[in-house]
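The next block holds one structure in the form of structure tokens; read it before the comments.
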Amino acid sequence: MSEWLDRVYCEDALQGMARIEDASVDLIIADPPYGLGKDYGNDSDKLDTQAYLAWMEQWVDIALPKLKANGSLYIFLTWRYSPEVFVMLKQRMMMVNEIIWDRRVPSMGGSTRRYSSVHDTVGFFAKSKDYYFDLDAVRIPYDEQTKKARTRSIFVGAKWLEMGYNPKDVWSVSRLHREHRERADHPTQKPLEIIERMIKASCPSGGMVLDPFMGSGTTAVAARRCGRHFTGFELNPTYCEMIQRRLAELPAEPTAPEAVS
Ligand SMILES: C[S@@+](CC[C@H](N)C(=O)[O-])C[C@H]1O[C@@H](n2cnc3c(N)ncnc32)[C@H](O)[C@@H]1O
């Protein structure tokens with residue numbers, strides 16, 4: 001497995017993943033093209049519905065054997081194809097959560113013949129019921145005001161008050177607008193805050209995260225910041241360079257990231 005450690009291969013994930021050893025990966029974070037015709041400098045998001053769903057099934061069947069028995073998968077989707085993809089995945093894995101990523105899109109006009117869509121649908125699936133999950137690593141600290149309001153004796157020493165509450169399945173995290181300090185030049189770059197939560201909860205320290213569709217390399221950056229290994233693929237050579245740049249800007253040692261809210 002060492003040849004895969006902390007590497008991003010500029011190639012088609014379907015070919016590349018086939019070479020990874022089975023049962024060697026703790027966590028897969030997959031952010032595939034959405035099937036909405038986005039421009040990634042290639043034709044990867046230009047498939048019609050039938051071809052798109054067939055392609056999704058194809059890469060899933062290559063990726064899943066790479067997971068360890070207690071491994072899990074997060075997959076970013078939108079409402080358009082999450083129903084079909086969830087059904088397909090439920091035939092292969094245990095569904096743990098549907099997470100709604102509220103992108104905190106500001107209210108400015110929007111759709112006029114439907115409700116404006118402002119969220120991503122994220123599926124969280126596990127290979128077995130004994131999946132790895134470290135809740136304490138992703139607890140959200142209470143603010144001082146809330147802690148103060150819970151000073152009655154029944155709350156003293158309460159673990160949840162000290163350690164924070166467990167994240168819910170709606171994650172409200174701003175998308176990366178043009179001026180955002182994290183922003184790289186990629187149309188669907190995900191915030192580190194989201195990917196780091198997934199990694200801390202679902203991959204043990206020193207474990208391996210596989211991202212078949214690296215884009216700007218958010219998973220690679222997040223894994224390094226969290227002290228995990230990564231491996232992955234990206235078709236577009238310009239994005240591959242972007243990933244190397246983002247990694248090179250990181251300090252050599254993992255930085256313990258702050259807790260997310
Ligand atoms: C939704 S974006 C991923 C964004 C990424 N999560 C980030 O935060 O930057 C999907 C990426 O998958 C890449 N891609 C599409 N088909 C691919 C394939 N068969 N193998 C590898 N990469 C692919 C696209 O070029 C695009 O950059």
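The values are calculated or read from the model by the stated rules, or taken from the named source; none is laboratory data. Since this is a predicted model, take the numbers as computed values, not measurements. Backbone-built Cβ (ideal geometry, glycine too); neighbour counts: all protein chains shown.
This table checks each residue for (1) surrounded by 20 or more Cβ atoms within 10 Å (Cβ to Cβ); (2) more than 10 Å from the ligand (Cβ to nearest atom).
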{"position": "SER172", "(1), (2)": "no, yes"}
{"position": "THR188", "(1), (2)": "no, no"}
{"position": "GLU196", "(1), (2)": "yes, yes"}
{"position": "ILE199", "(1), (2)": "yes, yes"}
{"position": "VAL209", "(1), (2)": "yes, yes"}
{"position": "THR218", "(1), (2)": "yes, no"}
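Taken together, the criteria exclude PHE133 from residues that are in a strand (DSSP E or B) and not small (Gly, Ala, Ser).
When ASP43 is tested against (1) closer than 22 Å to HIS177 by Cα; (2) surrounded by fewer than 18 Cβ atoms within 10 Å (Cβ to Cβ), only condition (1) is not met.
GLN145 satisfies every condition listed in (1) under 30 Å from LEU73 (Cβ atoms); (2) not in a loop (DSSP other than H, G, I, E, B) except (1).
Inspect segment 1-13 for any residue being modelled with pLDDT under 95, more than 12 Å from the ligand (Cβ to nearest atom) and touching a His at 6+ places or on another chain (Cβ under 6 Å) and give the result as yes or no. Give the steps one after another, and end with the answer.
From segment 1-13, those modelled with pLDDT under 95 are 1-5; that's our starting set.
Then keep just the ones that are more than 12 Å from the ligand (Cβ to nearest atom); that gives 1-5.
In the following step, the residues that additionally are touching a His at 6+ places or on another chain (Cβ under 6 Å) were identified as 5.
Yes, because at least one residue in segment 1-13 is modelled with pLDDT under 95, more than 12 Å from the ligand (Cβ to nearest atom) and touching a His at 6+ places or on another chain (Cβ under 6 Å).
Tell me, yes or no, whether segment 157-167 has at least one residue that is surrounded by 14 or more Cβ atoms within 10 Å (Cβ to Cβ) and under 27 Å from PRO33 (Cα atoms). Full working, then the answer.
First, pick out the residues of segment 157-167 that are surrounded by 14 or more Cβ atoms within 10 Å (Cβ to Cβ): 161, 163-164, 167.
Pick out the ones that are also under 27 Å from PRO33 (Cα atoms) and you get 167.
Yes, segment 157-167 has at least one match.
How about segment 141-181: which of its residues are β-branched (Val, Ile, Thr) and either modelled with pLDDT under 90 or over 21 Å from PRO191 (Cα atoms) (or both)? Listed by number, the residues that qualify are THR146, THR151, ILE154, VAL156. Take MET88 and decide whether it is without any contact (Cβ under 8 Å) to a residue 60 or more places away in the chain and touching a strand residue (DSSP E or B) at 6+ places or on another chain (Cβ under 8 Å). No.
Within segment 176-186, the residues that satisfy the criterion of being away from the ligand (no atom under 11 Å from the Cβ) and either within 20 Å of LEU247 (Cβ to Cβ) or not acidic (Asp, Glu) (or both) are HIS177, ARG178, HIS180, ARG181. Among the residues of segment 13-31, the one identified as assigned to a loop (DSSP other than H, G, I, E, B), within 19 Å of the chain's Cα centre (by Cα) and of a type outside the set (Ser, Thr, Tyr) is ASP31. Within segment 220-261, if we keep just the residues that are polar (S, T, N, Q) and at pLDDT 95 or above, the residue that is nearest to the ligand (Cβ to nearest atom) turns out to be ASN236. Number of residues in segment 19-52 that are within 12 Å of the ligand (Cβ to nearest atom), hydrophobic (A, V, I, L, M, F, W, C) and touching a helix residue (DSSP H, G or I) at 6+ places or on another chain (Cβ under 8 Å) equals 3.
Has segment 66-84 got any residue that is more than 14 Å from the ligand (Cβ to nearest atom) and free of Cβ contacts under 8 Å to residues at least 24 places away in the same chain? Checked against the condition, which is being more than 14 Å from the ligand (Cβ to nearest atom) and free of Cβ contacts under 8 Å to residues at least 24 places away in the same chain, segment 66-84 yields at least one hit.
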